[in-house]
Amino acid sequence: MEQELFDLGAQIIQDGEKYGADHVEAYLVSRKKIIVQVEKGAIKTAEEKLDVGCAIRAIVDKKLGFSYASTRNRSDIQALTKEAITLAKVSLPDASLHGFPIHNGSYPDPGGLHDLELSQMSMEGAIDLILRAVDACRAVLRTRKVLISAGLNIDSMLTVITNSLGIDGAYQETLIDLSTDPTIKEENSQASSFEFQISRNLSGIDSEWIGETAAANTADLLNPKTIKGGELPVIFTPMAVEWLFGLGFAQAFNAEEVQMRRSYLSDFLHQPIAPEHLEINDNALLPSGNQSRPFDAEGYPSQNTEIVKKGLLEQFLHNSYTAYKAQVDNTGNASRNPSRGSAGSPYQNTPSIAPSNLVITPGKGTLEDLIAETGKGILCRCTFDEPNLSTGDFSALVMEGFFVDKGEIQHPVKNTLIGINMRDFFLGVSSVGADTRSLRRVVSPSIVVESAKITSG
């Protein structure tokens, strides 16, 4: 399959130049996906999909055209190439559009991106994995009235990219994501929670742990209470950090947002934004990292980028377009990942900018240590809210959280909001734990913000 995709890419480049493009790029994907869903304890969906497709970008007189299709038929791809060039010719010119990346050397190898056992997983094996998680969850909650949902996604993908300026790369990857979501219903209380693991390798998934932990998380949330509000410290577990950093913070140091003056960090490059003990890297070369890759979605080599070092904002994340526009080095952060909630394939998207693995340097102490040191405050395990990108204002409902007093968890909270500006958030990071967890896009321990406005009721 790899050689076939390279041959198709070579055809696209040759045809594109013949039809009058100044620069041509071919991005080709072969993807096998297994999806299993459980609702109310029974299998609802079990399907296997194979998708082969390509995307073509063409530049004509600083004008860009884009086309894509799910096909590997040579005549279809020839028509697709003509379409990209036609669209380029009728587009508006962009003075900042200089071309596609140039790279003629080898690519770095992060290692651990592809697991043969996972790529050969059968539907029967996938169903066994998810049902083991459901059974483990049910066993913990056997004395309670419970509804259990679960989801399993297994991806095995080959990516090939080539362009008329010498880019020529390919890599294989696998990824598995297994989650369990129980809901407990009791006479006077109802609670829902979840747990998941995501890994490049089958060995990184423990079905029983996922099910048992999801059950314990849910039981812990029964009988929540409101609390007296005020300025209180907040402990953010890795799960909460994943949502907050992977979305709210990641967009703030996206160079496209910065150049459009849409980011609350636009004016803070090379300035202190956090205490010296907070350091954040974007590491696309992390071995077995869930977002690691040898090159980005334009074929530019991946790297480990220091974003925050000793509290200083060192770098924004760039693709080739924004790097040329700012006259700085490309950080290799072009991404074609489908938007959140989308079921689309990468080739259906033009390159934007996204972090790879956001890695927060660990400090000291377990989550229990951070709770004991906090005295009185809030433990936030999960929130689905995001900061305002332009102002940095953050008002978040604590979806899963607890009231901490005298260094101990007292009870779960309900109808409780956290209010803080993200610049104050970063400056207020008083502790960073050592309980690092690798999630979808973030590798982080728990962190403590010394003061945020808490309202409850």
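The values are calculated or read from the model by the stated rules, or taken from the named source; none is laboratory data. Not measured: the values here are computed from a predicted model. Cβ atoms come from the backbone with ideal geometry, glycine included; neighbour counts cover every protein chain shown.
Checking region 356-366 against the condition returns a match, with at least one residue being within 30 Å of residue 64 (Cα to Cα), at pLDDT 95 or above and crowded, with 17+ Cβ neighbours inside 10 Å.
For residue 149, state whether it is among the small types (Gly, Ala, Ser), free of Cβ contacts under 8 Å to residues at least 60 places away in the same chain and not assigned by TED's automatic domain parsing to the domain that holds residue 336. No: the conditions fail for residue 149.
Against the definition (buried (at least 21 other Cβ atoms within 10 Å of the Cβ) and modelled with pLDDT under 95), how does residue 374 come out, yes or no? I'd like the intermediate steps shown before the answer.
On the way: buried (at least 21 other Cβ atoms within 10 Å of the Cβ): yes; modelled with pLDDT under 95: yes.
Against the criterion (buried (at least 21 other Cβ atoms within 10 Å of the Cβ) and modelled with pLDDT under 95), residue 374 qualifies.
Out of curiosity, is residue 154 modelled with pLDDT of 95 or more and over 30 Å from residue 2 (Cα atoms)? Before the answer, list the steps.
Working: modelled with pLDDT of 95 or more: yes; over 30 Å from residue 2 (Cα atoms): no.
For residue 154, the condition - modelled with pLDDT of 95 or more and over 30 Å from residue 2 (Cα atoms) - is not met.
Residue 249 fulfils the conditions (1) at pLDDT 95 or above; (2) in a helix (DSSP H, G or I); (3) under 30 Å from residue 331 (Cα atoms) except for a single criterion, (1). Taking region 287-319 as the range and being of a type in the set (Ser, Thr, Tyr) and either touching a Leu at 6+ places or on another chain (Cβ under 8 Å) or surrounded by fewer than 22 Cβ atoms within 10 Å (Cβ to Cβ) (or both) as the test, the residues that pass are 288, 292, 302, 305.
Might you let me know whether region 39-47 holds any residue that is aliphatic (A, V, I, L, M), closer than 30 Å to residue 215 by Cα, in a strand (DSSP E or B) and free of Cβ contacts under 8 Å to residues at least 24 places away in the same chain?
Initial filter on region 39-47 (aliphatic (A, V, I, L, M)): 42-43, 46.
Okay, now just the ones that are also closer than 30 Å to residue 215 by Cα, so 42-43, 46.
Those still in the list that are in a strand (DSSP E or B) too: 42-43, 46.
Going one step further and asking which of them are free of Cβ contacts under 8 Å to residues at least 24 places away in the same chain, we end up with 42.
So far as region 39-47 goes, yes, one or more of its residues are aliphatic (A, V, I, L, M), closer than 30 Å to residue 215 by Cα, in a strand (DSSP E or B) and free of Cβ contacts under 8 Å to residues at least 24 places away in the same chain.
Within region 403-418, can one find any residue that is modelled with pLDDT under 95 and surrounded by 20 or more Cβ atoms within 10 Å (Cβ to Cβ)? No, every residue in region 403-418 fails to be modelled with pLDDT under 95 and surrounded by 20 or more Cβ atoms within 10 Å (Cβ to Cβ). All conditions in (1) part of a loop (DSSP other than H, G, I, E, B); (2) surrounded by 14 or more Cβ atoms within 10 Å (Cβ to Cβ); (3) out of contact with any helix residue (DSSP H, G or I) (no Cβ under 8 Å at 6 or more places or on another chain) hold for residue 106, with the sole exception of (2). Checked against (1) surrounded by 16 or more Cβ atoms within 10 Å (Cβ to Cβ); (2) touching a residue at least 24 places away in the same chain (Cβ under 8 Å), residue 67 passes all but condition (2).
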